[in-house]
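> Sharing a structure here in structure tokens format.
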Amino acid sequence: MKATLSAVALSLMLAVPALAKEVAGVNYPDTSTVDGKALKLNGVGLRKKFVVKVYTVGLYVENPSKDAAELISSDQVKRVRMYMLRDLDKKTITEAISDGFKKNAGAKMAALQPKLDSFNAAIPDLKKGDELMLTYVPGKGTEVHSKSGQAISVEGKDFADGLFSVWLGKDPVDDGLKDGLLGKD
């Protein structure tokens with residue numbers, strides 16, 4: 001009987017795909033596919049504001065790296081998958097992203113503002129358990145997807161660089177989160 005139970009347990013363990021990372025109860029698989037390209041999980045993190053857990057985030061890229069500048073500047077498919085741990089209204093989300101965008105865009109901000117405005121218009125109110133996917137595809141732009149918002153694409157690698165800088169730039173929204181996304185946790 002013991003051998004049968006062990007064999008059953010082993011077959012169950014082999015049948016369940018391994019999860020690369022778990023953060024705050026949210027599982028991030030080690031791969032994701034976008035436009036037929038296999039992306040690898042670069043890292044995961046938890047965004048906290050004071051002591052409140054706000055969201056988890058996973059960064060998927062074609063070519064993983066621990067170098068933030070390289071990840072931002074590379075012209076590869078990359079995705080940020082955000083999972084909400086609490087309700088966030090549109091204004092809160094867009095102000096936080098806009099603030100991080102502005103801190104990192106510098107002199108390019110004036111030219112990028114119309115693209116940021118289009119992006120912000122597509123962000124919906126998000127409820128606990130909702131996901132927001134931000135995916136850059138070279139030659140297409142940055143796609144915004146959520147279950148409750150409109151799906152749009154914002155053109156330009158310059159916009160994608162500014163957006164990914166919110167989490168990976170010189171002045172990220174959260175240093176610990178940046179380290180997690182870079183796999184330095």
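> How would segment 53-185 be classified by its alpha-carbon gyration tensor: rounded, prolate or oblate, with rounded meaning a/c under 1.5 and the a/b versus b/c comparison settling the rest?
Working: a/c = 1.35, a/b = 1.10, b/c = 1.23.
Rounded is the answer for segment 53-185, as its axis ratio a/c remains below 1.5.
> Give the long-range amide H neighbours of residue 78: residues separated by 5 or more places, or on another chain, with amide H under 5 Å away, using H modelled in the peptide plane at 1.01 Å from N.
For residue 78, the qualifying residues are 136.
> Additional query: Contour minus end-to-end for residue 95 and residue 50, with contour as 0.36 nm per residue of separation and end-to-end as the Cα-Cα distance? Kindly include the intermediate steps, with their values, before the conclusion.
Numbers: separation 45, 0.36 × 45 = 16.20 nm, distance 1.70 nm.
Contour length minus Cα-Cα distance gives 14.5 nm.
> Give me a comma-separated list of calculated 3J(HN,Hα) values for segment 101-112, in order, Karplus coefficients 6.51, -1.76, 1.60 applied at θ = phi - 60°, integers in Hz, x for any Gly or Pro.
Each residue's phi maps through the Karplus curve to give 4, 5, 4, 9, 7, x, 5, 7, 4, 4, 6, 8 Hz.
> By average Cβ neighbour count within 10 Å, what is the ranking of 24-35, 123-134 from highest down?
Sorting 24-35, 123-134 by mean packing, highest first, produces 123-134, 24-35.
> What does the accessible area per residue of segment 57-185 come to in Å², with a 1.4 Å probe and no ligands, DNA or RNA counted? Provide the component values of the computation, followed by the final result.
Values: 5770 Å² over 129 residues.
With the other protein chains kept in place, segment 57-185 gives 45 Å² per residue.
> Continuing with the same structure: If a/c stays under 1.5 just call it rounded; otherwise compare a/b with b/c (prolate if a/b is bigger, oblate if not). Do that for segment 111-185, with a ≥ b ≥ c from the square roots of the Cα gyration tensor eigenvalues.
Values: a/c = 1.84, a/b = 1.20, b/c = 1.54.
Because a/c hits 1.5 or more and a/b fails to exceed b/c, segment 111-185 counts as oblate.
> Which of the aspartates and glutamates could be linked to residue 21 by a straight reach, that is with a Cα gap under 18 Å, when you skip same-chain ones fewer than 8 residues away?
Within the straight-line limit of under 18 Å, residue 21 reaches these aspartates and glutamates: 30, 62, 131, 179, 185.
> Still on this structure: Could you tell me the relative contact order of the chain? Use alpha-carbon pairs under 8 Å, at least six residues apart, and round to a whole percent.
On the way: 343 pairs, mean separation 39.3, N = 185.
Value for the chain: 21 percent.
> Just how much of residue 94 is accessible, in Å², when a 1.4 Å probe is used and the result is rounded to the nearest 10?
Near enough 20 Å² of accessible area.
> Pop out the carbon and sulfur fraction of the accessible area of the chain as a percent, whole number, probe 1.4 Å. Write out the running numbers ahead of the final one.
On the way: 5330 of 9690 Å².
Looking at the chain in its full context, I get 55 percent from C and S.
> Name the aspartates and glutamates eligible as straight-distance cross-link partners of residue 53: C-alpha to C-alpha under 14 Å, and not fewer than 8 places from it in the same chain.
87, 174
> Additional query: Check cross-link reach from residue 115 to the aspartates and glutamates: straight Cα distance under 13 Å, and skip same-chain residues fewer than eight apart.
Within reach: 143, 155, 158, 161.
> Still on this structure: Pairs to check: 103/127; 48/102; 91/127. Give those whose C-alpha atoms are more than 25 Å from each other in this structure. If you can, show how the numbers build up before the last one.
Numbers: 103/127 27 Å; 48/102 20 Å; 91/127 13 Å.
Where the Cα-Cα span goes over 25 Å, the pairs concerned are 103/127.
> Return one number: the angle in degrees, 0 to 90 and rounded to the nearest 10, between the long axis of the Cα atoms of helix 2-15 and the longest principal axis of the Cα atoms of the chain.
20 degrees
The values are calculated or read from the model by the stated rules, or taken from the named source; none is laboratory data. Everything quoted here is computed from the prediction, not taken from an experiment. No Cβ is skipped: glycine too gets one built from the backbone with ideal geometry, and neighbour counts run over all protein chains shown. For accessibility, only protein heavy atoms count, side chains too; no ligands or nucleic acids. Shrake-Rupley method; radii C 1.70, N 1.55, O 1.52, S 1.80 Å.
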